[in-house]
Amino acid sequence: MPRPEKIRLGDLLVKEGLISSAVLESALVEQKKSGRRLGRVLVDSLLVTEEAIAKALAHQLNLAYVDLKQSPIDPAALKLLSESQARRLRVMPLKMLPQGLLVGMADPGDLFAYDELARLTQQEIHIAVVTESDLLTAYDRYYRHTEEISGFAKELEQSLKGGEGALLDVFNTEAGSLDAPVVRLIQSVFEDALQVRASDIHIEPQERKLIIRFRIDGVLHSQTEAEPTVAQALAMRLKIMSGMDISEKRLPQDGRFQINLKGRPLDVRLSTLPTQHGESIVMRLLATDTGLLDLSRIGMPETMLARYRSIIARPNGLVLVTGPTGSGKTTTLYASLASLNSVERKIITVEDPVEYRLPGVMQVQVNERIDLSFSRVLRSILRQDPDVVLVGEMRDAETAQIGLRAALTGHMVFSTLHTNDAAGTPVRLIDMGAPRFMVATALQAVVAQRLVRLVCPHCPRPHTPTPSEIGWLESMGVTSMDGFTEGGGCQHCNHTGYRGRMAVYEMLEMTSTLAHAANLADPREFIQTARQAMAGQTLAHNALALARTGKTSLAEAVKVSNQDDD
């Protein structure tokens with residue numbers, strides 16, 4: 001492709017009829033004042049869109065316009081430029097062509113970038129026009145920190161070859177700087193985790209290596225491996241950041257700290273566990289700038305949501321949210337509290353740990369080391385004249401009974417319990433030692449939930465059910481086996497076929513019939529009655545409904561059903 005020509009953007013936009021000469025003159029004056037590029041001045045002033053500018057440039061130069069949000073990027077092309085090189089030249093490798101390399105540029109008239117690209121890649125360069133905002137987003141989406149993390153890990157390994165003395169040197173004043181290998185390694189790990197939307201980081205020392213894994217959309221993925229000598233330095237640094245005891249390696253510890261990544265605040269909840277080969281570390285990443293979800297946005301079906309809103313608006317009673325760890329129970333509870341939070345209500349929570357800060361809500365952190373337990377805090381809370389109480393978890397019989405008494409004495413109480421489904425929850429409370437009459441009288445509703453992965457919107461394709469899936473569908477009363485979707489895998493979803501998650505729910509509302517069944521000695525009769533009450537609205541049915549609409553895959557729906565099996 002011939003070397004591109006330099007063009008005057010303002011004259012081009014006037015020629016294309018996108019702006020007037022008067023608008024151009026005004027924008028040029030603003031450009032001189034601010035020092036920004038002319039295109040940025042026009043876009044920020046809402047005088048023209050980025051897409052219109054890009055298409056005008058493409059038309060003038062007889063180039064293709066590429067929408068980076070929709071077009072896949074060739075991994076082979078991506079390897080020809082590092083992230084730093086691509087950002088410096090403001091280009092994006094798009095595709096390997098028989099005659100060279102196709103790159104996206106927001107400024108196709110940048111002659112320096114064109115010449116430098118040809119020199120770095122040793123390829124004939126072909127240009128497509130892209131928007132600047134899409135270009136910046138593509139850098140974060142496609143360039144991972146894997147090589148950078150491996151490089152920092154090797155650098156840290158070299159600095160630790162002196163043994164215990166070298167390990168101590170890592171944490172002197174100089175090594176605590178931003179240029180220290182351990183600091184840069186941790187920073188890169190966090191940046192990569194944020195980039196791929198990881199919810200947890202696992203640092204796992206093995207006999208011959210250290211493994212770092214990310215949990216993305218509920219599934220663990222290997223990020224990198226390093227020498228086992230790096231593990232202790234990482235553990236010490238993370239303990240310092242979270243205010244933990246670096247000399248204690250024999251007992252589990254918990255801590256938290258906050259960091260800023262690319263201007264975004266992130267709360268990190270850290271847990272250490274002593275293992276045979278060193279301390280295993282798991283960090284839960286909690287974004288503090290996302291805000292609380294509204295109840296209408298958590299994914300609960302409309303009919304169920306209307307019933308749930310009416311239940312939690314009652315002046316007293318117990319509402320339980322159940323599900324395994326990581327099923328989104330906290331999100332549902334916090335969304336419920338947010339909908340009730342007003343000047344007229346006093347809301348107090350007791351949690352372990354406090355995951356999100358709720359404005360206007362009194363939140364108490366449990367601390368077992370000083371005997372600040374759920375039951376002890378709950379007894380004190382009731383003397384604080386609350387209207388609504390959140391108990392993080394019904395862990396024992398004492399906590400359950402205090403919560404039930406509070407629900408019977410004019411308080412709306414929310415809590416969680418680990419059970420398989422909604423029908424088995426009242427039975428579980430009774431099994432914990434709660435009196436039957438209290439469960440039957442105080443319990444208003446049980447919400448059970450699971451998280452399912454969503455099919456990536458960038459690579460959906462039709463899915464033909466497998467024989468085992470056909471058997472499950474038939475058991476659910478489905479006759480048509482068409483209309484299901486799966487993800488093919490692309491750069492947007494890290495080739496998993498899934499991007500993001502949403503909750504599926506079932507709700508058991510305690511009626512007089514169910515209250516009577518709960519008072520009977522045979523738990524099987526209650527469970528049978530409860531399942532009849534929820535017929536057609538179970539976790540499995542609601543997951544199937546999502547699969548029918550193409551939001552999730554049939555495999556995810558079947559997984560929810562299997563989790564729900566007795």
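Give all pairs with beta carbons closer than 7 Å in which a residue from the range 421-433 that is under 14 Å from ALA521 (Cα atoms) meets a residue that is open to solvent by 40 Å² or more (accessible area, probe 1.4 Å) and assigned to a helix (DSSP H, G or I); count only pairs at least 6 apart in sequence or on separate chains.
Between residues of the range 421-433 that are under 14 Å from ALA521 (Cα atoms) and residues that are open to solvent by 40 Å² or more (accessible area, probe 1.4 Å) and assigned to a helix (DSSP H, G or I), the close pairs are VAL427/PRO523; VAL427/ILE527; ILE430/ARG436.
Wholly within the range 30-90, which helices (runs of 4 or more DSSP H) include no fewer than the required count, namely at least 2 residues that are open to solvent by 50 Å² or more (accessible area, probe 1.4 Å) and over 19 Å from LEU111 (Cα atoms)?
Values: elements: 38-44, 50-61, 75-78, 83-89.
The helices (runs of 4 or more DSSP H) meeting that bar are 38-44, 50-61, 75-78.
Give me the pairs, please: first residue somewhere in the range 442-453 and outside any strand (DSSP E or B), second residue anywhere and open to solvent by 10 Å² or more (accessible area, probe 1.4 Å) and at pLDDT below 95, beta-carbon distance under 7 Å, and either six or more positions apart or on two chains.
ALA442/LEU408
For the range 352-411, which residues satisfy the criterion of being over 23 Å from ALA434 (Cβ atoms) and in a helix (DSSP H, G or I)?
The answer is ARG369, ILE370, GLN384.
From ALA193, ALA198, ALA231, which residue is more than 19 Å from ARG453 (Cβ to Cβ) and crowded, with 22+ Cβ neighbours inside 10 Å? Working first, answer last.
On the way: ALA193 fails: more than 19 Å from ARG453 (Cβ to Cβ); ALA198 fails: more than 19 Å from ARG453 (Cβ to Cβ).
After applying the criteria, what remains is ALA231.
Among GLU506, GLU486, which is the only one that is within 29 Å of ASP192 (Cα to Cα), touching a Ser or Thr at 6+ places or on another chain (Cβ under 6 Å) and surrounded by 15 or more Cβ atoms within 10 Å (Cβ to Cβ)?
Working: GLU506 fails: within 29 Å of ASP192 (Cα to Cα).
Result: GLU486 is the single residue among GLU506, GLU486 that is within 29 Å of ASP192 (Cα to Cα), touching a Ser or Thr at 6+ places or on another chain (Cβ under 6 Å) and surrounded by 15 or more Cβ atoms within 10 Å (Cβ to Cβ).
Kindly list the number of the only condition in (1) at pLDDT 90 or above; (2) touching a helix residue (DSSP H, G or I) at 6+ places or on another chain (Cβ under 7 Å); (3) under 29 Å from PHE214 (Cα atoms) that fails for LEU451.
(2)
Can you spot a residue in the range 401-413 that is without any contact (Cβ under 8 Å) to a residue 60 or more places away in the chain and closer than 21 Å to PRO523 by Cα?
yes
Mind checking which residues of the range 313-337 are within 20 Å of the chain's Cα centre (by Cα) and either among the charged types (D, E, K, R) or farther than 17 Å from VAL447 by Cα (or both)?
Of everything in the range 313-337, just one residue is within 20 Å of the chain's Cα centre (by Cα) and either among the charged types (D, E, K, R) or farther than 17 Å from VAL447 by Cα (or both), namely LYS329.
Would you confirm whether or not the range 3-25 contains a residue that is more than 19 Å from ASP134 (Cβ to Cβ), open to solvent by less than 50 Å² (accessible area, probe 1.4 Å) and in contact with a Pro (Cβ under 6 Å, 6 or more places away or on another chain)?
There is at least one residue in the range 3-25 that is more than 19 Å from ASP134 (Cβ to Cβ), open to solvent by less than 50 Å² (accessible area, probe 1.4 Å) and in contact with a Pro (Cβ under 6 Å, 6 or more places away or on another chain).
Name the residues in the range 460-493 that are assigned to a loop (DSSP other than H, G, I, E, B), of a type in the set (A, V, I, L, M, F, W, C) and in contact (Cβ under 8 Å) with a residue 40 or more places away in the chain, would you?
Result: MET476, VAL478, CYS490.
For the structure I just gave you, tell me whether ARG345 is farther than 18 Å from GLN444 by Cα, open to solvent by 20 Å² or more (accessible area, probe 1.4 Å) and over 20 Å from the mean Cα position of the chain (by Cα). Break it down stepwise before answering.
Working: farther than 18 Å from GLN444 by Cα: yes; open to solvent by 20 Å² or more (accessible area, probe 1.4 Å): yes; over 20 Å from the mean Cα position of the chain (by Cα): yes.
Taking the combined requirement at face value, the residue satisfies it.
The values are calculated or read from the model by the stated rules, or taken from the named source; none is laboratory data. All figures in this text were calculated on a predicted structure; none of them were measured in a lab. All Cβ positions, even for glycine, are placed from backbone atoms using ideal geometry, and neighbour counts span all protein chains on display. For the accessible areas, the whole protein counts, side chains as well, though only heavy atoms, and no ligand, DNA or RNA atoms are used. Shrake-Rupley method; radii C 1.70, N 1.55, O 1.52, S 1.80 Å.
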